[in-house]
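Chemist: Here's a structure for you.
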Amino acid sequence: MTDLFRDKAQGWDSRPVPAQISEGVSRTLRRAVALEPHMRVMDLGAGTGLICAQVAPFVDHVLAVDVSGAMLERLAAKPELQGKVSIHCQDILEEPLPDRVELVVSAMAMHHIEDTGALLRALHAHLVPGGRIALADLDAEDGSFHPAGTEGVFHAGFDRGALSDQLAEAGFVDVSFHDAAVVHRGDRSYPIFLVTATRG
Ligand SMILES: C[S@@+](CC[C@H](N)C(=O)[O-])C[C@H]1O[C@@H](n2cnc3c(N)ncnc32)[C@H](O)[C@@H]1O
């Protein structure tokens with residue numbers, strides 16, 4: 001599989017937009033979900049570990065899942081994540097993880113995964129009973145967030161109502177949307193949500 005983030009990995013952590021989004025998502029996540037020392041957490045589309053770094057200090061362990069070896073190499077090199085994070089370079093839709101987790105977090109990865117229903121069902125299957133998800137992504141936009149023709153972008157954000165229905169279909173309850181960040185570019189604004197839900 002082509003690593004679509006190979007060229008972006010090196011400079012990812014010095015880009016202002018990922019830094020701004022991960023800051024807003026982490027802040028919103030800490031308010032919406034209690035992170036506890038016994039927890040095993042999956043970060044889906046963990047990238048270079050911007051979200052992992054904010055979650056790992058408060059939980060037992062983070063499983064960093066991503067299909068980009070280049071992004072995960074950056075994550076693996078971070079001294080502050082040593083011993084707290086395990087690396088899983090795989091597509092969980094094709095190859096599930098052996099372990100179940102108490103919480104799945106994700107930032108800006110869902111729009112890169114074509115079949116949202118299949119993804120939500122896979123996340124449900126990876127959770128212990130009563131486990132939770134906290135997934136952040138773009139609200140529905142006009143397709144201008146990414147440059148035209150960007151490979152691997154399957155969704156121009158997500159409509160909250162439609163995503164709520166898909167979460168319910170996948171077996172989640174207690175669905176709740178939170179405003180996590182807004183990216184401003186020229187005269188356009190791109191709001192980002194964090195949706196939390198519980199495995200029913
Ligand atoms: C926009 S980046 C976000 C990275 C990180 N969450 C952050 O906030 O900085 C999207 C990430 O999702 C990953 N990704 C794309 N498709 C994926 C899939 N099917 N499974 C897991 N990760 C995927 C990409 O490789 C990339 O690292």
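Chemist: Which of (1) out of contact with any helix residue (DSSP H, G or I) (no Cβ under 7 Å at 6 or more places or on another chain); (2) in a strand (DSSP E or B) is the odd one out, the single condition GLU95 does not satisfy?
Modeler: Of the numbered conditions (1) out of contact with any helix residue (DSSP H, G or I) (no Cβ under 7 Å at 6 or more places or on another chain); (2) in a strand (DSSP E or B), the odd one out for GLU95 is (2).
Chemist: Got a sec? Which of ALA77, ALA46, ALA56 is surrounded by fewer than 20 Cβ atoms within 10 Å (Cβ to Cβ) and aliphatic (A, V, I, L, M)? Reasoning before the result, please.
Modeler: On the way: ALA46 fails: surrounded by fewer than 20 Cβ atoms within 10 Å (Cβ to Cβ); ALA56 fails: surrounded by fewer than 20 Cβ atoms within 10 Å (Cβ to Cβ).
Matching residue, one of ALA77, ALA46, ALA56: ALA77.
Chemist: Separate question: Cβ-Cβ distance below 9 Å, separation of 6 or more or different chains: which pairs start in the stretch 85-103 with a residue that is modelled with pLDDT under 95 and end on one that is of a type outside the set (Phe, Trp, Tyr)?
Modeler: As it stands, the answer is ASP99/ARG40; ASP99/MET42; ASP99/LEU63; ASP99/HIS126, since those pairs meet every condition given.
Chemist: Any residue in the stretch 25-46 that is under 16 Å from PHE193 (Cα atoms) sitting within a Cβ distance under 9 Å of a residue that is away from the ligand (no atom under 16 Å from the Cβ) and of a type in the set (A, V, I, L, M)? List the pairs, counting only those 6 or more apart or interchain.
Modeler: LEU29/LEU35
Chemist: Continuing with this model, one more query. Residue under question is LEU35, and the condition is that it be part of a loop (DSSP other than H, G, I, E, B), buried (at least 16 other Cβ atoms within 10 Å of the Cβ) and more than 10 Å from the ligand (Cβ to nearest atom); does it hold? Lay out the reasoning, then the answer.
Modeler: Numbers: part of a loop (DSSP other than H, G, I, E, B): yes; buried (at least 16 other Cβ atoms within 10 Å of the Cβ): yes; more than 10 Å from the ligand (Cβ to nearest atom): yes.
Here the answer is yes, as LEU35 does meet what is asked.
Chemist: Checking THR48 against (1) part of a loop (DSSP other than H, G, I, E, B); (2) β-branched (Val, Ile, Thr); (3) out of contact with any Phe, Trp or Tyr (no Cβ under 7 Å at 6 or more places or on another chain), which test does it fail?
Modeler: Every listed condition holds for THR48 apart from (3).
The values are calculated or read from the model by the stated rules, or taken from the named source; none is laboratory data. A quick note: this is a predicted structure, and the numbers were derived from the prediction, not measured. Glycine gets a Cβ as well: all are built from the backbone with ideal geometry, and neighbour counts include every protein chain shown.
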